[in-house]
Amino acid sequence: MRLFLALVPPPALRRRLGELADAARTRCGGRRMPDDSFHLTLAFLGEQPETRATEIGDWLARFSILPGQWRLDRWGCFRRRGIVWVGGAEGEAALRDLQGQLWEGLEGMGVSGRPARFAPHITLLRRAPRPPGPGLPDASLTWDYTRVELIQSVTTPGGSHYASLARTTIPEESPCLPSR
Ligand code: ATP
Ligand code: MG
C-alpha cells in the first residue's frame, strides 16, 4: 500500500483552494487537483505492507497533535515538475516541528525515508507549463488544523485517489490524552 501522512483542509478551505486552482489553471495550464485531494504532505511513506499500515494507524489514533494555524499567502512552483502551489511562512515553524515529531515516531517503528528538507506547500496544479505570476489572485487564506491523517494513495489510470485510513484524536474530543 502506498501511504503518506498529511493534513487535510476542512471543506470551506478546500473550496477556496479550488477557486485559486481554477485561476492558476487559466494562467499556468496543467492538471488541476480535485478539491477533495488538496492536502499538505507531512511524511511520505511509500509502499508499505498492510500490517505496517495497521500499526501506523493504531499509533496515530493514540495521540493528538498541538493544533496550529498556517497562513497561506504565497504562490510558488517547482519548475522541473510543473507543480504550482500555495504556501506561507507564518506557521511554518510549527509544521516543521510536527513533521519532525511524526518522523521520530515513524523511525521508532522502523520506517525510513525521512527527507533532508521539508518545504510545506499545497499542490494546486501538476505538469503546468507556465509558472505562477502577475494576474493571479492574492492567496490569502488561514488554515486552522487539528489532526493528521494516514492516507492511502491508490494509483489508477485516471490519476491517484486518496483514502483516509486513520487519524489523530482531536484534542477537544479527549482532553486527557497526552499531546504526543
Ligand atoms: P500522481 O503521482 O499519480 O500524480 P500523487 O503525487 O498525488 O499522484 P502520490 O505519488 O501517491 O500521489 O503521492 C502522495 C503524496 O506524497 C503527494 O503529496 C506527493 O507529492 C507526495 N510524494 C510522492 N512521492 C514522494 C516522495 N518520493 N517524496 C516525498 N513526497 C512524495
Ligand atoms: Mg506522485
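Since only ALA94, ALA24, LEU141 are under comparison, the one whose Cα sits farthest along the positive direction of the charge dipole of the chain, derived from C-beta charges on Lys, Arg, Asp and Glu, is ALA24. Listing TYR162, TYR145 from fewest to most neighbouring C-beta atoms within 10 Å gives TYR162, TYR145. What residues of the stretch 101-137 lie in the reach of a label at THR26, counting those whose backbone N is under 19 Å from a point 7 Å from the Cα along Cα→Cβ? So the set is 124-126, 128-137. When the Gaussian network model of the chain links Cα atoms closer than 10 Å, the mean-square fluctuations of PRO129, PRO34, PRO115 top out at PRO115.
Here's the picture: charge each Lys and Arg Cβ at +1 and each Asp and Glu Cβ at -1 in the chain, and of ALA61, PRO11, GLY46 the one pushed furthest to the positive end of that dipole is GLY46.
Taking every alpha-carbon pair under 8 Å whose residues sit at least 6 apart, the stretch 42-180 reaches a relative contact order of 37 percent. Each of ALA61 and THR156 was given a label point 7 Å from its Cα along the Cα-to-Cβ line. The distance between the two points is 2.6 nm.
Take the Cβ atoms of ILE170 and THR51, set R0 to 35 Å, and the FRET efficiency comes out at 0.85. Calculated [222 nm] ellipticity per residue, helices only, for the chain: -8500 deg cm²/dmol; basis is -39500 (n - 2.57) per DSSP H run with n ≥ 4, divided by all residues, nearest 500. A straight line joining the Cα centroids of the stretch 1-61 and the stretch 114-160 runs 7 Å. Placing a label point 7 Å from the Cα of SER37 along the Cα-to-Cβ direction, the residues of the stretch 73-88 whose backbone N falls under 15 Å of that point are 82-85. Normalising the Debye intensity of the stretch 68-180 to I(0), with uniform scatterers on Cα atoms only, and taking log10 at q = 0.18 Å⁻¹ returns -1.23.
Once the Cα atoms are used to define both axes, helix 11-28 deviates from the longest principal axis of the chain by about 40 degrees.
Computed from the coordinates by the stated procedures, all read-outs in this text should not be read as laboratory data. Quantities reported herein were computed from a predicted structural model and do not represent experimental measurements. Cβ atoms come from the backbone with ideal geometry, glycine included; neighbour counts cover every protein chain shown.
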